[in-house]
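Structure first, commentary second.
The values are calculated or read from the model by the stated rules, or taken from the named source; none is laboratory data. Keep in mind that this is a model prediction, so the values were computed, not measured. A quick note on method: Cβ atoms are made from the backbone with ideal geometry, for glycine too, and the neighbour counts reach across all protein chains shown.
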Amino acid sequence: MRNLDLSDHGRAALLSGFSVCCLTLDPLAEHVPHFLLLYVAALFVLLPYVVGAKQIFDGRKGSVVIIVLWSLVMRLPLLMSSPSLSDDVYRYVWEGRVTASGVDPFEHPPTAPALRDLALQAPEWSRVNHPELPAIYPPAAQLAFASLGQVADTERGFRVGFVCIELLLILALAALLLARRLPLGWLVLYAWHPMSVVEVAGSGHYEPLAMLPLVLGLLWAGRLRAWPVWGLAFSLKFLGAVPAVFVVARLVRDGRWRRALLGVGLAGAVVAAVTLPFALDGTLPLGSLGTYLRHWGHNASIYSLLSFPLGYHPARKVVLVLSIAWTLFLLVRGMSLDKGFLLVAVGVLLLSPVVHPWYGLWLLVLLPVFPGLPLFLLSGLLPLSYFAWVVQAHGGGWAVPAWVLALEYGLPALALLVGFLRPRSGPVDATVP
């Protein structure tokens, strides 16, 4: 290990320059090739921290402050840009407005006649995606959108709020690294990653809001307070409750049924509390989730391969079964919470019919705990799928070219294969998946 030096500040400055360049390309959706060239260059700036993880700078507590300050510098330019690569944040603002008005967004799509007057007062309404569909984001997310909308009901206000939450997430990751006795310097693998900067500060995706309770649950695992935050994580994004499943399996295996039931009860109480306001009419707040699961597809890997011989809908059933089987396999193997969650998330991403770039944040958030090239590539290359904007601009529809898919999924697979075949001269680093 070494101390934080000028080379680290130089890399941080270069990554901040990437953000400034993105601002000059605003709107990014109209300059995707240039954006992706800059993005890949930024990945190369961060790459030495991955391949030389054992030589990364010493993580003294004072360095966390420096990492966080540089993280903020990297995000500020993109906060001044417009969210053009994705329009999800406009949906967040709208659904927060609807929830705050006392209307159930799971029952009423943006085009509903009951919301006509509200739509006339909402500047974001014309930019809401899929206005014919009701809400898809879980209940706790809707309550968070409504609360954030009381402070700043604009897309930039939401993005500022999510960046503030992301800074708390970075601090929680630092605490997790300390608890795992891992170098605090590895924190830069999330904090300075260009994808986390673009997807949160630039596009305004709310993933940090759900990943914060996930990480806190991992940090507090073994204590009762972990269960309510996992319940909250589930109510924000369903994937966030996966670690709780591993804890339940371990407790049951050890014969600690009461502890398992107590934990599930605490998590369930939180889920019930945030779900109840949307379920008073006797219906579950699922909105357009069924439509998403049955019909949407984009940038898939294994699912795309299966859909050719099996067909569109049969392949969806197969990948669902494979996802459940993969999770059960990991449960039987008795994986640790951190690695168990990460491997489930990897399996879900590879099997899912829909893979958007920001889905990679769920892998990236644990890259500081498991710094490895395959994980770095799998999570970090997903924004290459924004090349669909170029295809669409040339009249080809919203589709990802085959060569992009080959890079996104082929390079991580190649790195994993090389890692397996490479001879090891010393003890295996247990932190590398």
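Contact map, region 113-131: first residue assigned to a helix (DSSP H, G or I), second residue among the polar types (S, T, N, Q), Cβ cut-off under 7 Å, separation 6 or more or different chains; pairs are L118/S101. Set side by side, the residues G202, G217 differ, and just one is of a type outside the set (A, V, I, L, M, F, W, C), under 18 Å from L331 (Cβ atoms) and at pLDDT 95 or above, which is G217. Summed over region 86-109, the residues that are surrounded by fewer than 24 Cβ atoms within 10 Å (Cβ to Cβ) and part of a loop (DSSP other than H, G, I, E, B) give a count of 9.
For region 12-35, the criterion of being closer than 20 Å to L382 by Cα and among the polar types (S, T, N, Q) is met by at least one residue.
With the structure loaded, tell me whether V391 is of a type in the set (V, I, T) and under 16 Å from the mean Cα position of the chain (by Cα) or whether it fails that test. The answer is no for V391. Between A315, A325, the distinction of being over 20 Å from the mean Cα position of the chain (by Cα) and under 17 Å from Y292 (Cα atoms) belongs to A315 only. Considering (1) closer than 17 Å to A226 by Cβ; (2) assigned to a loop (DSSP other than H, G, I, E, B), the lone condition that V271 does not fulfil carries the number (2).
Okay, residues lined up against (1) crowded, with 22+ Cβ neighbours inside 10 Å; (2) under 16 Å from G240 (Cα atoms); (3) in contact with a helix residue (DSSP H, G or I) (Cβ under 8 Å, 6 or more places away or on another chain); (4) of a type in the set (A, V, I, L, M):
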| residue | (1), (2), (3), (4) |
| --- | --- |
| A325 | no, no, no, yes |
| M335 | no, no, yes, yes |
| G340 | yes, yes, yes, no |
| V344 | yes, yes, yes, yes |
| L350 | no, no, yes, yes |
| P353 | yes, no, yes, no |
| W362 | yes, yes, yes, no |
| G372 | no, no, yes, no |
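Under the condition of being out of contact with any Lys or Arg (no Cβ under 6 Å at 6 or more places or on another chain) and either hydroxyl-bearing (S, T, Y) or within 18 Å of H31 (Cα to Cα) (or both), the residues counted in region 80-93 number 8. Number of residues in region 311-348 that are farther than 16 Å from A300 by Cβ and outside any helix (DSSP H, G or I) equals 3.
Screening region 28-57 for residues that are surrounded by 12 or more Cβ atoms within 10 Å (Cβ to Cβ) and not in a helix (DSSP H, G or I) and picking the one that is modelled with the lowest pLDDT gives F57.
One line per residue, one yes/no per condition, for (1) aromatic (F, W, Y); (2) under 21 Å from the mean Cα position of the chain (by Cα):
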site: L37; (1), (2): no, no
site: V45; (1), (2): no, no
site: P48; (1), (2): no, no
site: F57; (1), (2): yes, no
site: V64; (1), (2): no, no
site: S71; (1), (2): no, yes
site: M80; (1), (2): no, no
site: V89; (1), (2): no, yes
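Scanning region 292-306 for residues that are in a helix (DSSP H, G or I) and touching a residue at least 24 places away in the same chain (Cβ under 8 Å) returns Y292, I302, Y303, S304. The requirement of being within 30 Å of L38 (Cβ to Cβ), modelled with pLDDT under 95 and within 20 Å of the chain's Cα centre (by Cα) is not satisfied by W192. For the structure I just gave you, tell me whether S84 is hydroxyl-bearing (S, T, Y) and within 20 Å of the chain's Cα centre (by Cα). Answer is yes for this residue. The single residue among G222, G287, G204 that is small (G, A, S), without any contact (Cβ under 8 Å) to a residue 24 or more places away in the chain and either outside any helix (DSSP H, G or I) or touching a Ser or Thr at 6+ places or on another chain (Cβ under 7 Å) (or both) turns out to be G222. For region 394-414, the tally of residues that are assigned to a helix (DSSP H, G or I), touching a residue at least 40 places away in the same chain (Cβ under 8 Å) and surrounded by fewer than 17 Cβ atoms within 10 Å (Cβ to Cβ) stands at 0. Restricting attention to region 274-298, the residues being farther than 25 Å from P357 by Cβ, among the polar types (S, T, N, Q) and surrounded by 15 or more Cβ atoms within 10 Å (Cβ to Cβ) number 1.
When residues in region 129-159 are screened for being hydrophobic (A, V, I, L, M, F, W, C) and in contact with a Ser or Thr (Cβ under 9 Å, 6 or more places away or on another chain), 8 of them pass. Of note, F162 does not satisfy the criterion of being more than 14 Å from the chain's Cα centre (by Cα) and modelled with pLDDT of 95 or more. Considering the conditions (1) in a helix (DSSP H, G or I); (2) surrounded by fewer than 22 Cβ atoms within 10 Å (Cβ to Cβ), V197 is excluded by exactly one of them, (2). Would you mind stating whether L178 is under 28 Å from L15 (Cα atoms), at pLDDT below 95 and part of a helix (DSSP H, G or I)? In short, yes.
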